[in-house]
Each structure stands twice: as C-alpha cells, then as structure tokens.
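Each remark here refers to the structure printed beneath this line.
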Ligand SMILES: [Zn+2]
C-alpha cells in the first residue's frame, strides 16, 4: 500500500484538547474531524483560486468617504457620518466590495454587463 494512504501525526496538547472537544460536540471520530479540517482548509486555500464574479453594483450609504480603488473622495455628505453616492460591487458568491466612486463602479461592472 502506498505510503500516502496513511497519515500518522503526533497531536500537540492543544490539538488533543481541540480534537476531544470536537468529538464531544458530535463531529465524529478523530478521522472524521481531520477529514473535515483538511476539506475546510482546502476550500479556503485552494478552491478559492477563482475570484467571485461581479454581478452588479448598488448605490449605498457608506461610512468611508474615499473610493477603495482610486482613493478619491466620493459622494456627498448625507449626515450622521455617512456618504451618499458611493457604490458597492456585488459578487455571485454574495460578497460585497466597496465603497467605490461612480467611475470605478462603472469600470468594475462594465465587463459583466450582458
Ligand atoms: Zn474610484
């Protein structure tokens, strides 16, 4: 059997405690916990290689009054420390990026307009 079929590890005291807690809270046995841990790390580190797609932009009230992309002041003071006329870029994975000025929001969404 190839060597890679088995992983032997010597858990630290902290890891032993964490494993015991995860097993106690119903995440399966030690093997199941390690499987889930690698799966999650892989999703976070490798599966995220493809950036989320831009699906649109919405005008928002922002607490930050400078464009994230070009750093120029954006919008108009709407009171309460908020700026109107800023844009948030929406992605297909539900994440949001911004605030952007109108020009940068146009640029960010232009490629994706159908
Ligand atoms: Zn900008």
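Numbers at a glance
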{"item": "Subset of region 35-81 (residues that are away from the ligand (no atom under 16 Å from the Cβ) and assigned to a loop (DSSP other than H, G, I, E, B))", "result": "46, 50, 51, 52, 53, 63, 78, 79, 80, 81"}
{"item": "Residues of region 97-111 satisfying the condition of being exposed (fewer than 14 other Cβ atoms within 10 Å of the Cβ) and either under 18 Å from the mean Cα position of the chain (by Cα) or not in a helix (DSSP H, G or I) (or both)", "result": "111"}
{"item": "Members of region 21-34 that are free of Cβ contacts under 8 Å to residues at least 24 places away in the same chain and either in contact with a helix residue (DSSP H, G or I) (Cβ under 9 Å, 6 or more places away or on another chain) or part of a loop (DSSP other than H, G, I, E, B) (or both)", "result": "22, 23, 25, 26, 27, 28, 29, 30, 32, 33"}
{"item": "In region 83-103, the residues that are free of Cβ contacts under 8 Å to residues at least 12 places away in the same chain and either near the ligand (Cβ under 10 Å from one of its atoms) or over 12 Å from residue 57 (Cβ atoms) (or both)", "result": "94"}
{"item": "From the options 72, 83, 25, residue that is within 30 Å of residue 106 (Cβ to Cβ) and at pLDDT 90 or above", "result": "72"}
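The values are calculated or read from the model by the stated rules, or taken from the named source; none is laboratory data. Quantities reported herein were computed from a predicted structural model and do not represent experimental measurements. A quick note on method: Cβ atoms are made from the backbone with ideal geometry, for glycine too, and the neighbour counts reach across all protein chains shown.
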